[in-house]
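The values are calculated or read from the model by the stated rules, or taken from the named source; none is laboratory data. Keep in mind it's a predicted model, so treat the numbers as computed, not measured. Every residue, glycine as well, gets a Cβ built from its backbone with ideal geometry; the counts of neighbours run over all protein chains shown.
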C-alpha cells in the first residue's frame, strides 16, 4: 500500500516581475486586427491575447531595439530600457 504525499504549490516569485515591454490596454487596437508590434519584433516575444484583445509580452527576451514602440499606431507600446543600457 502506497500513500500519496501532497506538496503545496507555491508561486515562484513573491512579487510581480517587471517586463521591459508594456502595452496600454486602453490604447491597444489589437481587437480591431492590429498586429504591428507582433510583426516587427525580431525575437517574436510579443503576442496578441485574443480573450482581452490586446498585445502582451509572452517572453522576457527583449533586445530593446524599439520598433514595437516606434511603429505602434496608437502609442500603446512602451519599452522601458534599463538604466545601465541607456
Within region 30-44, how many residues are touching a strand residue (DSSP E or B) at 6+ places or on another chain (Cβ under 6 Å) and either in contact (Cβ under 8 Å) with a residue 60 or more places away in the chain or closer than 18 Å to residue 19 by Cα (or both)?
2
Those residues that are closer than 14 Å to residue 23 by Cβ, part of a loop (DSSP other than H, G, I, E, B) and touching a helix residue (DSSP H, G or I) at 6+ places or on another chain (Cβ under 7 Å), I need them from region 47-69; list them, please.
53
Kindly establish whether residue 37 is surrounded by 13 or more Cβ atoms within 10 Å (Cβ to Cβ), under 12 Å from the mean Cα position of the chain (by Cα) and modelled with pLDDT of 95 or more.
yes
Checked against (1) at pLDDT 90 or above; (2) in a loop (DSSP other than H, G, I, E, B), residue 13 satisfies every condition except (1)
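A quick yes/no check of all residues on (1) on the phi < 0 side of the Ramachandran plot; (2) touching a strand residue (DSSP E or B) at 6+ places or on another chain (Cβ under 9 Å):
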| site | (1), (2) |
| --- | --- |
| 46 | yes, yes |
| 54 | yes, yes |
| 63 | yes, no |
| 66 | no, yes |
| 69 | yes, yes |
| 73 | yes, no |
| 76 | yes, yes |
| 84 | yes, no |
So, of the residues in region 70-86 that are in a helix (DSSP H, G or I) and touching a residue at least 12 places away in the same chain (Cβ under 8 Å), which turns out to be nearest to residue 42 (Cα to Cα)?
71
